[in-house]
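Participant: The structure is given below, and queries will be raised subsequently.
Computed from the coordinates by the stated procedures, all read-outs in this text should not be read as laboratory data. For clarity, every value in this text was computed on a predicted model and none was experimentally measured. Glycine gets a Cβ as well: all are built from the backbone with ideal geometry, and neighbour counts include every protein chain shown.
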2 protein chains.
Amino acid sequence: MKDINDMPGHLVRRLQQIAVAVFHAQVESAGFDLTPVQYAALVRVRTHPGIDQATLAGLIAYDRTTIAGVVDRLVQKGFLTREVSGTDRRARVLRMTETGEAALNRIAPAVETAQKLMLSGLDEVEVAEFMRLLRKATDAANDFSRAPLREVSSDPANAK
Amino acid sequence: MKDINDMPGHLVRRLQQIAVAVFHAQVESAGFDLTPVQYAALVRVRTHPGIDQATLAGLIAYDRTTIAGVVDRLVQKGFLTREVSGTDRRARVLRMTETGEAALNRIAPAVETAQKLMLSGLDEVEVAEFMRLLRKATDAANDFSRAPLREVSSDPANAK
DNA sequence: TGCTGATCATCAGTATACTGATTAACTACC
DNA sequence: GGTAGTTAATCAGTATACTGATGATCAGCA
């Protein structure tokens, strides 16, 4: 490993930065101001209405501390509501608003475009192989992260 | 694209987080406290003594603003020196100290281990293919980022 | 019931990353 | 030689991400 540019960690950082830049550009031209992380959180709350913050963090592999700020901004934008749970007063229950639902629908095409753009250097076969390897690598190293992916077993949306 | 977990942007973010976590763990057990970004900057200053901050940023695809803080911390740790250039008084010239050189040598094995660990889910052939695709994708989308990779043409270290 | 350990959310602190603006200094061109 | 455009660095502001700590609450168990 003679060079920084031959290190997977460095290349992954660069691709992630590219992904964020492309995402921002696409979403902005669709007339919205939403970050990739905020988008992921919104999508997950839609598929899991009433989810608490800790479970949400596990489902999209965030750090628990980070999620608080993300949710703050989504609530401030009027895309989410946050209320104290009726069954567990420690937990905050999250739900999408109609505004959030509408925004998500309008943003979806921009997000699709962004995913294609960030891999525009690869052909169709290469994209599929890249995705397979990405999934395999992240799955295997999941627990190395402080914010590992944690699926909810008692969750119908989780059934393959 | 039904799910967040099928989006390249999301998976790349996760792998990057894993990479950072593994890097920290390895470097820490080697007795140092250095981030991936700080490591990359150190390595580049070693191969390009007397480089200015803006050129350094281009060589490792950082944002120019970000580099200031990174260099600050490296100077504070005693790994780099920063001085006003003699030929261009706007520029700050960076050089490694002996302390920095020694640290880099001691850290190198930990960084190698971290690179292997983050891709421990892939076999040898898959790692090679993953690296090839990563390089191809980042090269093609380089200019989408605000902090694109900019190689220095008049640079002997750049000759292939 | 009361205790212990675990969990949810938050806070303080640090380190990337980015946008947009400003200041100082350099370069090119008239 | 002066001016316009460019460039290096920095600053203010915002948004991830992480570590480690704390307070409130819950669940299990003697």
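Participant: So, counting K/R as plus one and D/E as minus one, what does the shell of residues with Cβ under 15 Å around A:ALA128 add up to?
Facilitator: Values: positive: A:LYS116, A:ARG132, A:ARG135, A:LYS136, B:ARG132, B:LYS136; negative: A:ASP123, A:GLU124, A:GLU126, A:GLU129, B:ASP6, B:GLU126, B:GLU129.
Once positives and negatives cancel, what remains is -1.
Participant: Which angle between 0 and 90 degrees, to the nearest 10, do you get for helix A:8-29 versus the longest principal axis of chain A when only C-alpha atoms count?
Facilitator: Around 60 degrees separate the two axes.
Participant: Rounded if a/c is under 1.5, else prolate if a/b beats b/c, else oblate: with a ≥ b ≥ c from the C-alpha gyration tensor eigenvalues square-rooted, which is region A:10-151? Could you put the intermediate results ahead of the total?
Facilitator: Details: a/c = 2.29, a/b = 1.36, b/c = 1.68.
Judged from the Cα gyration tensor, region A:10-151 comes out oblate (a/c at least 1.5, b/c at or above a/b).
Participant: Could you list A:LEU134, A:LEU149 so that the one with the fewest beta carbons within 10 Å of its beta carbon is first and the one with the most is last? Let's see the in-between values first.
Facilitator: Details: A:LEU134 22, A:LEU149 17.
Taking fewest neighbouring Cβ atoms as first place, the list is A:LEU149, A:LEU134.
Participant: Label-to-label distances across copies for A:ALA128, with labels 7 Å out along Cα→Cβ, in nm, shortest first?
Facilitator: Spacings between copies for this position, smallest first, are 2.2 nm.
Participant: Under the definition of partner shielding as Cβ atoms of other protein chains within 10 Å of a residue Cβ, what is the mean value for peptide A:139-149? Intermediate values should be presented prior to the final figure.
Facilitator: Working: counts 4, 7, 13, 3, 2, 11, 9, 5, 4, 4, 2.
Taking the mean over all residues of the peptide, I get 6.
Participant: Against the longest principal axis of chain B, how steep is helix B:36-47, in degrees 0 to 90 to the nearest 10, with axes from Cα atoms?
Facilitator: Once rounded, the angle reads 50 degrees.
Participant: Quick one: A:ARG132, A:ARG89, fewest Cβ neighbours within 10 Å first, how do they rank?
Facilitator: Working: A:ARG132 13, A:ARG89 8.
Least crowded to most crowded, the residues run A:ARG89, A:ARG132.
Participant: Still on this structure, I have one more. Note the count of lysine pairs whose C-alpha atoms are less than 29 angstrom apart in chain B, limited to pairs 8 or more residues apart or on different chains.
Facilitator: On the way: B:LYS2/B:LYS136; B:LYS77/B:LYS116; B:LYS116/B:LYS136; B:LYS116/B:LYS160; B:LYS136/B:LYS160.
The number of close lysine pairs in chain B is 5.
Participant: Now a separate question. Tell me which B residue has its C-beta closest to the axis rotating B onto A, and the distance in Å?
Facilitator: Minimum Cβ distance to the axis, with residue: B:GLN16, 2.
Participant: Moving on to the next point. Give the order of A:THR66, A:THR113 when sorted by the count of other beta carbons within 10 angstrom, beginning with the fewest. Mind dumping the intermediate values first?
Facilitator: Working: A:THR66 12, A:THR113 17.
Ascending Cβ contact count within 10 Å gives the list A:THR66, A:THR113.
Participant: Would you pull out the residues with amide H under 5 Å of A:ILE51's amide H, same chain only if 5 or more places away, H placed 1.01 Å from N?
Facilitator: Correct list: A:LEU94.
Participant: Another one. Any idea what the B:ALA25 label distances to the other copies are, label 7 Å down the Cα→Cβ vector, nm, shortest first?
Facilitator: The projected label point of B:ALA25 is separated from its counterparts by 3.5 nm.
Participant: For A:GLY78, place a label point 7 Å from Cα along the Cα-to-Cβ direction in every copy; what are the distances to the other copies, in nm, shortest first?
Facilitator: Between copies, matching label points for A:GLY78 lie 5.7 nm apart.
Participant: For Cα pairs less than 8 Å apart in space and 6+ apart in sequence, what is the mean separation divided by the residue count of chain A, i.e. the relative contact order in percent? Walk me through the numbers on the way to the answer.
Facilitator: Values: 156 pairs, mean separation 43.7, N = 160.
That works out to 27 percent.
Participant: Ok, one more. Counting only other chains, and only Cβ atoms inside 10 Å, what mean value do you get across the residues of B:15-28?
Facilitator: 6
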